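The values are calculated or read from the model by the stated rules, or taken from the named source; none is laboratory data. Nothing here was measured: the structure is a model prediction, and the numbers come from that model. For neighbour counting, all protein chains shown are included, and Cβ atoms are generated from backbone atoms with ideal geometry for every residue, glycine included. Heavy atoms of the whole protein, side chains included, go into the accessibility calculation; ligands, DNA and RNA do not. Shrake-Rupley method; radii C 1.70, N 1.55, O 1.52, S 1.80 Å.
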Amino acid sequence: MPIVDRQAAEALIQEQLINTIQQDAPKKSVFMSLARKLANMTSKQTRVPVLDMLPTAYWVNGDTGYKQTSDQGWDNVYLTAEELAVIVPIPESVIADASFDILGEIQPRVVEAIGQRVDQATIFGVGRPAAWPADIITRARQAGNNVAPGSTPNYYDLIMGDGGVIAKVEQSGHMVTGAISSMEMRAKLRGLKGTDGHPIFNTNMQGATSYALDGSPMYFPDNGSFDSSVAQLIVGDWSQAVYAIRQDITVKILDQGVIRDPSTKEIKYNLAQQDMIALRVVFRLGWALPNPVTCMDTGRTMCPFAYLEPTTAVTTQTVTYTVKDNQDEPVPIDGVTVDISGARLKTGADGTAKFNLRAGTYEVKVSKRGYKTVIETITVAESALSQNVTLIANT
């Protein structure tokens, strides 16, 4: 029997539209939440003086002994502002026909993406600008602050015990102020038991369990920045990591101009001709891990961070620096500082210093008092790298 069914009247049936979009709240940068913020930068590069050498006191021998002299030295650590930016083109007709504020929905997500990129670059080195120092993981790796879990890991000892990640930080004269970890680590932590056999993280039916390691708060970044293929857990004295903002997040609406493909330089959009607008977001920031000299780290070769590796450690390449003088028969120089984008080691009696680096481009500074400093750039790819450096004595 003929009826006016739903299919016939589909064009007349109104659909209800809920006035909120179902979505997760935008996430913030965990690095910027934990690290120490310095005054805003007034230029592209900011210089931070860092204590590099401690004075030495001497006992005086007898009543008429001579008092000895000592010195104290400083080094410069630079924060270089690098830019994060994105342009989002939108046809004006789309904005006019949309039931929601499209620009209002896009802007917080772009800000979230900026926070993710900052975390990836500073902590894991992902997309690190060439002028920035080596990331926290690389610095900790060179200091020997990486802890391997082994085939049958005891996570209590790996974290809290002698030789664990917390102890690694303490050996450099710093105290752990915070920890970050992948979401997968939460289950492992819930299974941790103390020496008395009781769980360390006791659940409470009245609220969520707060995670802390040796009294320091623990965070689980949920902005997609934590790379569990590189680390399971990172602990450190976050006050030692500093950052400064050159240009806060600025948003501008463009309605004139053209947008080109970054690779081909081909014009993709002409905003005026195609009745489009573009949302442009720009942010500039610099950061550093100054690592000043301490009584427990007189060579500044330690690191205030440590991390627990995954079961399969990330692949690194050995980079060996051999430093000799410029005599007719070159002799290895002991105690030369080899600084690779902030990761520092000193050469031994054989004049060598060995690094383990992931693929990337690094700035290298080879220096020792009494010799002219050598600065160069190296690129680490998929094989070991050996570099020979000749230091010339000051005349």
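For the chain, with all protein chains in place and a probe radius of 1.4 Å, 50% of the accessible heavy-atom surface sits on carbon or sulfur. Amide H contacts for ARG246 (H built 1.01 Å from N in the peptide plane; partners 5 or more residues away or on another chain; cut-off under 5 Å): MET41, ARG284, LEU285, GLY286. Rounded to the nearest angstrom and listed largest first, the equivalent-ellipsoid semi-axes of segment 226-311 from its Cα gyration tensor are 44, 18, 12. Pairs from the list LYS28/LYS346; LYS168/LYS346; LYS168/LYS372; LYS44/LYS252; LYS168/LYS188 with a Cα-Cα gap above 27 Å: LYS28/LYS346; LYS168/LYS372. Per residue, the chain exposes 57 Å² of accessible surface when a 1.4 Å probe is rolled over the protein heavy atoms with every protein chain present.
Using a cutoff of 8 angstrom between alpha carbon atoms and counting only pairs six or more residues apart, the relative contact order for segment 106-199 works out to 14 percent.
For the chain, a Gaussian network of Cα nodes joined below 10 Å ranks PRO330, PRO304, PRO129 by mean-square fluctuation, and the top entry is PRO330. Rg and Dmax of segment 128-192, based on Cα coordinates, read 13.6, 42 Å.
The figure for GLU184 is an accessible area of roughly 110 square angstrom, using a 1.4 Å probe on the protein chains alone. Volume per residue for segment 275-395 equals 223 cubic angstrom (convex hull of Cα atoms). Each Lys or Arg adds one and each Asp or Glu takes one away; over the other residues whose Cβ falls under 11 Å from the Cβ of ASN291, this sums to -2.
Along the axis of the charge dipole computed for the chain (Cβ charges of +1 for Lys and Arg, -1 for Asp and Glu, origin at the Cα centre), the listed residues ALA272, TRP238, HIS198 are led at the positive end by TRP238.
Evaluating 6.51 cos²θ - 1.76 cosθ + 1.60 at θ = phi - 60° for every residue in segment 268-285, the Karplus couplings come out as 9, 9, 10, 4, 5, 6, 9, 6, 10, 10, 9, 8, 10, 10, 10, 8, 10, 8 Hz, glycine and proline recorded as x. The 1.4 Å probe gives accessible areas that order TYR219, TYR211, largest first, as TYR219, TYR211.
To the nearest 10, the accessible area of SER386 is 90 Å² with a 1.4 Å probe. Using the Karplus relation 6.51 cos²θ - 1.76 cosθ + 1.60 with θ = phi - 60°, the per-residue 3J(HN,Hα) values for segment 300-313 come to 6, 9, 8, 8, x, 10, 8, 8, 9, 6, x, 4, 10, 5 Hz, with x marking Gly and Pro. Over the chain, dividing the summed -39,500 (n - 2.57) contributions of all DSSP H runs of at least 4 residues by the number of residues returns a 222 nm mean residue ellipticity of -3500 deg cm²/dmol.
With all protein chains in place and ligands, DNA and RNA left out, the 1.4 Å accessible area ranks PHE305, PHE220, PHE100 as PHE100, PHE220, PHE305, largest first.
Phi angles across segment 327-336 convert, under the Karplus curve 6.51 cos²θ - 1.76 cosθ + 1.60 with θ = phi - 60°, into 3J(HN,Hα) values of 6, 4, 10, x, 10, x, 10, 8, x, 7 Hz, Gly and Pro given as x. Among 27-36, 48-57, the peptide with the highest mean count of other Cβ atoms within 10 Å heads the list, and the full ranking is 27-36, 48-57.
How big is D, in µm² s⁻¹, for segment 159-274 by Stokes-Einstein at 20 °C and 1.002 mPa s if Rh is the Kirkwood radius over C-alpha pairs? Estimated diffusion coefficient is 116 µm²/s.
Helix 102-119 and the longest principal axis of the Cα set of the chain meet at an angle near 20°. Volume of the convex hull of the chain (Cα atoms only), normalised per residue: 294 Å³. Once C-alpha pairs closer than 8 Å and six or more residues apart are averaged by separation and normalised to the residue number of the chain, the relative contact order reads 19 percent. Under 5 Å from the amide H of GLN232 lie the amide H atoms of LEU308, GLU309, each residue being 5 or more positions distant or on a separate chain, with H modelled from the backbone and absent for Pro and chain starts. For the set ARG190, ARG369, solvent exposure ranked by accessible area (probe 1.4 Å, protein chains only) runs largest to smallest as ARG369, ARG190.
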